[in-house]
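Peer 1: Have a look at the structure that comes next, please.
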Amino acid sequence: KERLRAWRVRRCPPPHFAAALRPSPRARGVARALGYAAMGQGASASHAYDARRPLLLLWGPAAAEEVALLSSFLQSEWNLQLWDPEADEPENEQERAQLEQLLQRVTVLVTRRVEPRVLQKMTQLKLLQMPLSSHEWLDWQSVPPQCMVCNSHCMSIPVAEYVMAAVLSWEVRLHEMDAKFRKQRVLKDLALVTKHGEVHGKTLGIVGYGHVGEQVALRASAFGMRIVALVRTPRGSVPPPLEWLGTGEDALVKLLEVSDYVLVSLPMSRQTKELIGARHLAKMKPSAVLINVGAGAAIHEAALYDALKRKRIGGAVLDSWWEAADAAQESEEPRMPSQFAFHKLDNCIISQNSAGWTEEHLERRWKVHSLAASRSTSGHWAEDALAQGRHRRRCRCCWR
């Protein structure tokens, strides 16, 4: 509601809804809240579909809540259509035909996931924009040859702040100081005060040096930490503030041996699955802390739990998990997204895939998406472009 009010105050150009298909209740609610007639349902749309304007399709259940932000950032007039494939499944031949026509007119598609058979029908598609960095689900053979494929790295800033908060929390133990002092309530001699650690001079090893790794390194260097990193493909030079940047198994082992904190920021892929196993965890310092904000499956689940339970490593901070959130929610009883009881370990800090979710990131994301949409109509590469059609482009992904 606050975003909708802010959108009205700014008096930004209105979204142009394509009045062709029956939308979900969520999409109709957003359309009414914005002051424009909902698509379909016999309503007289304030702005009907205009063939002279390009069509931007938001595909998926999460699209409707963020339509106001996207609308406020678009620099030109667009036909804007929301479609939730789960709630808006065509019920008859007429609706299926309307959906086919809609897909053939799409210029820009914003989605977290789309089936190949749907993507192949978008013959006029110029931009496939994914709001997250992960794209392992994408079937590259279904991408139209003229289409530019982009992912988003707008979460790298809040994720980097989360990582530094985890490092500082582990060293300083501010919450423990607070709890202890509240209990004792009297000042003691300074010699009796519990001492805490420092991050200055500690070594941070980054496995997967991409957008998140760069942001973390920038902040860690400001605290005086030594920073080393690992990538899959060799690079010509070592970028500051890194001391060294390695590749391969030997470099991974070296990184684990020297690091006080090991940050894993890897995407999910065949190459990264269980990249860090029991023998790798055994190389870590007994006091070292592992932080995972990338793919949960990049670390062997059972090996990590065993290392934490037996205190073979100092601890772990986990924001990524081995089981998808929707799979855990479908369970009859509430349970953790893991087959092991990480939540019962006293040397493990856990959170629910929340490292990158901030209000500021949402606004930044849709601003980037609107710019990419505008550039796509002029044929220019977007900043986060991964490929043109099936021809992939070398990008700054953390495991390229």
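Peer 1: If a residue must be more than 19 Å from Lys121 (Cβ to Cβ) and at pLDDT 75 or above, how many such residues does region 51-68 contain?
Peer 2: Residues of region 51-68 that are more than 19 Å from Lys121 (Cβ to Cβ), as a first pass: 52-53, 61-62, 64-68.
Next, from what is left, pick out any that are at pLDDT 75 or above: 52-53.
Going through region 51-68 one residue at a time, the tally reaches 2.
Peer 1: In region 135-146, which residues are open to solvent by less than 40 Å² (accessible area, probe 1.4 Å), touching a residue at least 40 places away in the same chain (Cβ under 8 Å) and outside any helix (DSSP H, G or I)?
Peer 2: His135, Val143, Pro144
Peer 1: When you scan region 339-377, how many residues do you find that are open to solvent by 70 Å² or more (accessible area, probe 1.4 Å) and either at pLDDT below 85 or part of a helix (DSSP H, G or I) (or both)? Working first, answer last.
Peer 2: Keep residues of region 339-377 that are open to solvent by 70 Å² or more (accessible area, probe 1.4 Å), which gives 339, 343-344, 346, 352-353, 357, 359-360, 363-364, 367, 371, 375.
Next, only the ones that are either at pLDDT below 85 or part of a helix (DSSP H, G or I) (or both) stay: 343-344, 359-360, 363-364, 367, 371, 375.
Going through region 339-377 one residue at a time, the tally reaches 9.
Peer 1: Go through region 148-174 and give me each residue that's out of contact with any His (no Cβ under 6 Å at 6 or more places or on another chain), of a type outside the set (A, V, I, L, M) and either modelled with pLDDT under 90 or within 18 Å of Leu266 (Cβ to Cβ) (or both).
Peer 2: Cys150, Ser152, Tyr162
Peer 1: Can you name the residue in region 147-165 that is touching a Lys or Arg at 6+ places or on another chain (Cβ under 9 Å) and within 14 Å of His361 (Cβ to Cβ) and is also most open to solvent (accessible area, probe 1.4 Å) among such residues?
Peer 2: To start, the set of residues in region 147-165 that are touching a Lys or Arg at 6+ places or on another chain (Cβ under 9 Å) comprises 147-149, 152-155, 157, 160-161, 163-164.
Okay, now just the ones that are also within 14 Å of His361 (Cβ to Cβ), so 152-155, 157, 160-161.
Values: Ser152: 6, His153: 36, Cys154: 12, Met155: 44, Ile157: 59, Ala160: 0, Glu161: 104 Å².
Looking at the filtered set, the residue picked out is Glu161.
Peer 1: In this structure, does Ala303 turn out to be closer than 22 Å to Ser351 by Cα, open to solvent by 10 Å² or more (accessible area, probe 1.4 Å) and either touching a Lys or Arg at 6+ places or on another chain (Cβ under 7 Å) or assigned to a strand (DSSP E or B) (or both)? Reasoning before the result, please.
Peer 2: Details: closer than 22 Å to Ser351 by Cα: yes; open to solvent by 10 Å² or more (accessible area, probe 1.4 Å): yes; either touching a Lys or Arg at 6+ places or on another chain (Cβ under 7 Å) or assigned to a strand (DSSP E or B) (or both): no.
It is false that Ala303 is closer than 22 Å to Ser351 by Cα, open to solvent by 10 Å² or more (accessible area, probe 1.4 Å) and either touching a Lys or Arg at 6+ places or on another chain (Cβ under 7 Å) or assigned to a strand (DSSP E or B) (or both).
Peer 1: With (1) in a loop (DSSP other than H, G, I, E, B); (2) touching a helix residue (DSSP H, G or I) at 6+ places or on another chain (Cβ under 8 Å) as the list, and Leu263 as the residue in question, which single condition is left unmet?
Peer 2: Single failed check for Leu263: (1).
Peer 1: Hey, could you check region 198-223 for residues that are in contact (Cβ under 8 Å) with a residue 24 or more places away in the chain and over 22 Å from Thr247 (Cβ atoms) and say which is least open to solvent (accessible area, probe 1.4 Å)?
Peer 2: Start the filter on region 198-223 by keeping residues that are in contact (Cβ under 8 Å) with a residue 24 or more places away in the chain, which leaves 198-220, 223.
If we keep only those that are over 22 Å from Thr247 (Cβ atoms) too, we end up with 198-202, 219, 223.
Details: Glu198: 119, Val199: 12, His200: 126, Gly201: 46, Lys202: 55, Arg219: 58, Phe223: 89 Å².
That would be Val199.
Peer 1: Something else about it: Give me the residue from region 224-261 that is of a type in the set (Val, Ile, Thr) and touching a Pro at 6+ places or on another chain (Cβ under 8 Å) and, out of that set, surrounded by the most Cβ atoms within 10 Å (Cβ to Cβ). Show your work before the answer.
Peer 2: Taking region 224-261 and keeping what is of a type in the set (Val, Ile, Thr), we get 227-228, 231, 233, 238, 247, 253, 258.
Now restrict to residues that are touching a Pro at 6+ places or on another chain (Cβ under 8 Å): 227, 247.
Working: Ile227: 25, Thr247: 13.
So the residue we want is Ile227.
Peer 1: Still on this model: Does region 318-338 include one or more residues that are modelled with pLDDT of 95 or more and either exposed (fewer than 13 other Cβ atoms within 10 Å of the Cβ) or within 23 Å of the chain's Cα centre (by Cα) (or both)? Before the answer, list the steps.
Peer 2: Of all residues in region 318-338, those modelled with pLDDT of 95 or more come to 318-319.
Checking the rest, the ones that are also either exposed (fewer than 13 other Cβ atoms within 10 Å of the Cβ) or within 23 Å of the chain's Cα centre (by Cα) (or both) come to 318-319.
Yes, the conditions are met somewhere in region 318-338.
The values are calculated or read from the model by the stated rules, or taken from the named source; none is laboratory data. Bear in mind that the values here come from a model prediction, so they are computed numbers and not experimental data. Reconstructed Cβ throughout: ideal geometry from the backbone, glycine too, with neighbour counts over all protein chains shown. Heavy atoms of the whole protein, side chains included, go into the accessibility calculation; ligands, DNA and RNA do not. Shrake-Rupley method; radii C 1.70, N 1.55, O 1.52, S 1.80 Å.
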